[in-house]
Amino acid sequence: MDKQNNKSTETYRHSTTGKKSIFIGSIIVLIVAVTPILFYTYESFPDGQVWETSLFSLETAFPSWYAFAWYFTGKFIPLLLLLIWFFTCRHWWHWIILVPIAMYAFQLWGVINQSNNLDELELYYILPLMMVVIPAVYVIRAKLFAKVRGDDLKSFEEELAQEKTIWQQIKDLFR
């Protein structure tokens with residue numbers, strides 16, 4: 001009797017997680033599908049520095065609200081797609097996606113703050129992140145490939161001691 005209850009509880013648990021997974025997947029697909037429409041929303045903004053309606057009046061430092069919206073959507077949509085890719089990717093290298101995510105996040109922050117030097121200083125902010133993420137991803141790659149190929153430390157040291165041309169070293173990086 002207990003085994004039957006266990007099976008029904010287990011089936012219920014799998015069906016609810018399956019439904020939840022389909023629901024979340026459907027939302028992600030919908031977001032990705034409407035990104036072209038979201039990108040072209042900049043065309044609905046006014047072509048002046050002052051945006052006046054019966055409810056509010058806003059002013060921008062950009063040449064126009066149209067330009068502001070164009071910059072904003074040009075940074076926000078790729079950031080949104082990169083975030084979806086990062087959180088749904090199951091590959092070991094998905095951490096490297098943090099570099100372009102950080103780049104677009106800093107650029108979007110510059111647009112929101114209406115900075116005059118758009119797309120100029122982001123590299124200085126991203127460089128420390130790159131100095132941590134890129135070597136970490138390469139170490140993970142090296143450990144995975146060493147485990148897959150069964151290399152041990154002695155064979156690695158012997159390989160390092162061999163004199164190789166630059167072309168041979170480049171070929172070794174991709175084997």
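Values quoted throughout were computed directly from the atomic coordinates according to the rules given, and no laboratory measurement underlies them. Since this is a predicted model, take the numbers as computed values, not measurements. Backbone-built Cβ (ideal geometry, glycine too); neighbour counts: all protein chains shown.
Quick notes on this one:
- Per-pair calculated FRET efficiency, R0 = 22 Å: MET130 and GLU158 via Cβ, rounded to 0.05: 0.10
- Label-to-label distance, nm, for residues given as HIS94 and TRP51 (7 Å Cα→Cβ offset): 3.4 nm
- With the simple spin-label model, which puts each label point 7 Å out from Cα in the Cβ direction, the TRP167 to ALA33 separation comes to 5.1 nm.
- Nearest-0.05 FRET efficiency for ALA67 and PHE87, computed from C-beta distance (R0 35 Å): 0.70
- Amide H to amide H distances under 5 Å link GLY48 with TRP65, TYR66, where only residues 5 or more positions off or on other chains count and H is placed in the peptide plane.
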